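The values are calculated or read from the model by the stated rules, or taken from the named source; none is laboratory data. All values reported here derive from a predicted model rather than from experimental measurement. Positions of Cβ are generated from backbone atoms using ideal geometry, with glycine treated the same way; all protein chains shown enter the neighbour counts.
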Amino acid sequence: MYTLLKQEGLARRGTFQTPHGTVQMPAFMNVATAGAIKGAVSALDLKAVHCQVQLCNTYHLHLRPGDEQVYQLGGLQRFTRWDGPILTDSGGFQVFSLAKLRNITEEGVTFASHIDGHKIFMGPEESMRIQSHLGSTIAMAFDECMQNPAEYDYAKHSVERTTRWLHRCKAELTQLNAQPDTINPQQMLWGINQGSVYDDLRVEHMKQIAELDLPGYAIGGLAVGESADIMYHILEVLNPYMPKDKPRYLMGVGTPANILEGVRRGVDIFDCVMPTRNARHGHAFTMEGVRNLMNAKYALDQNPLEEGCQCPTCQHFTRAYIHHLLKAREMLGMRLMVLHNLYFYNTFMEKIRAALDAGNFDEFYRSHIDSVSRRI
Ligand code: GUN
Ligand code: ZN
């Protein structure tokens, strides 16, 4: 259940109660695609980096180890030892971005596994059954995520099919939640808005999916080839049509600046591989900008990644040591970088929430929007 505590402009400060704990919003989800945060970070580390919600992927876990196996082991929470909220993405994005040889029909999508090429079929019912086996807190609807810009006619038909798929997802999950042996009988279904870059398709789709009265709504199909300005425009266009009493999730976004712009346009929750992926390439996020630890200028630098940072990495280790570990391709280098970046993202959201609580989000936005994404 979403509770709106405070609003400043379109920016929302709220809470979202789930059977696995309450999420303070705006929030950032930490991406653990195959049940682990990349960079050798376990559930034991997540509290230390202030993680609230973990995100896992239906597609990856279905291929390996298999959702049936995760089910037998008691579900994702017990399997990964993260007892807080987990959101699973439906496969609707990964099937279109990772898998090869896709064939889309009304029923669903046939594709080849990116691991061994074997043929797999996934439709709304399959996605719901897999997510039910995984036992996540929130199951995402099975959708088609188009690359931008898509042809208008293609986008129109695709969105209509995504709506029909959403009805099938709801019927299937309702039925699965009522089974006596289900792991999480309170599993929620969140809908996903699509419509490529077309205002009318976006609005029409949002109106239709809002009618299903789902406990949350995502905006998908963004950050897939269009400019950031188009993404911000779509958020503004959709804003009046999004239910006020439900959380709003901007999928796969983004940089700290994208997050500030998203919050300013009413987004409550985000996810992105950026803190983990960029960490593995040596990029550390800080409030002053992004630092590249591969740079030779850090070889003798005894400061922490970010001065004043209370993360597990910055409390003990120097830029010089991390620079060395990254150069030597020691696994520890990546791990220390990932811990810092996740802590940065999660505490960045805490700062946004504190600013909203204090009624000075606009000031916070203006002081950080330019600095937070620059290269230093
Ligand atoms: N992740 C990022 N964008 C999307 C999207 O449009 N759909 C789904 N299912 N996941 C996403
Ligand atoms: Zn740090």
Checking Asn341 against (1) touching an Asp or Glu at 6+ places or on another chain (Cβ under 8 Å); (2) buried (at least 21 other Cβ atoms within 10 Å of the Cβ); (3) within 28 Å of Gly220 (Cα to Cα), only one condition comes out false. Which one? (1)
Please specify each residue of the stretch 6-22 satisfying the condition of being in contact (Cβ under 8 Å) with a residue 40 or more places away in the chain, over 20 Å from Asn239 (Cα atoms) and either surrounded by 19 or more Cβ atoms within 10 Å (Cβ to Cβ) or under 18 Å from the mean Cα position of the chain (by Cα) (or both). Thr18, His20, Gly21
Can you tell me which of (1) free of Cβ contacts under 8 Å to residues at least 40 places away in the same chain; (2) within 11 Å of ligand 1 (Cβ to nearest atom); (3) crowded, with 22+ Cβ neighbours inside 10 Å is the one Arg202 doesn't meet? (2)
Out of (1) in contact with a Pro (Cβ under 8 Å, 6 or more places away or on another chain); (2) of a type in the set (Gly, Ala, Ser); (3) within 24 Å of Gln54 (Cα to Cα), the odd one out for Gly225 is which? (3)
Looking at (1) buried (at least 23 other Cβ atoms within 10 Å of the Cβ); (2) over 19 Å from the mean Cα position of the chain (by Cα); (3) away from ligand 1 (no atom under 12 Å from the Cβ), can you tell me which one Asn177 breaks? (1)
Would you check which residues across the stretch 113-144 are over 22 Å from the mean Cα position of the chain (by Cα) and surrounded by fewer than 16 Cβ atoms within 10 Å (Cβ to Cβ) and list them? Ile115, Asp116, Gly117, His118, Lys119, Phe121
Quick check on Thr276: is it surrounded by 18 or more Cβ atoms within 10 Å (Cβ to Cβ) and within 16 Å of ligand 1 (Cβ to nearest atom)? yes
Suppose the filter is assigned by the TED database to the domain that holds Ser158, more than 16 Å from ligand 1 (Cβ to nearest atom), of a type outside the set (A, V, I, L, M, F, W, C) and under 22 Å from the mean Cα position of the chain (by Cα); does Gly84 pass it? yes
Among the residues that make up the stretch 158-165, is at least one of them within 15 Å of ligand 1 (Cβ to nearest atom) and among the basic types (Lys, Arg)? yes
Taking the stretch 142-157 as the search range and keeping residues that are without any contact (Cβ under 8 Å) to a residue 60 or more places away in the chain and not aromatic (Phe, Trp, Tyr), which one is nearest to ligand 1 (Cβ to nearest atom)? Glu144
Can you pull out the residues in the stretch 23-71 that are of a type outside the set (A, V, I, L, M, F, W, C) and more than 17 Å from the chain's Cα centre (by Cα)? Gly39, Ser42, Asp45, Lys47, His62, Arg64, Pro65, Gly66, Asp67, Glu68, Gln69, Tyr71
Starting from residues that are within 22 Å of Lys156 (Cβ to Cβ) and more than 12 Å from ligand 1 (Cβ to nearest atom), keep the ones in the stretch 240-252 and report whichever is surrounded by the fewest Cβ atoms within 10 Å (Cβ to Cβ). Pro240
Would you pick out the residues in the stretch 47-105 that are of a type in the set (A, V, I, L, M, F, W, C), in contact (Cβ under 8 Å) with a residue 24 or more places away in the chain and over 24 Å from Leu342 (Cβ atoms)? Leu63, Val95, Phe96, Ala99, Ile104
Residue satisfying all of: in the stretch 232-251; of a type outside the set (D, E, K, R) and part of a loop (DSSP other than H, G, I, E, B); farthest from ligand 2 (Cβ to nearest atom) among these: Pro243
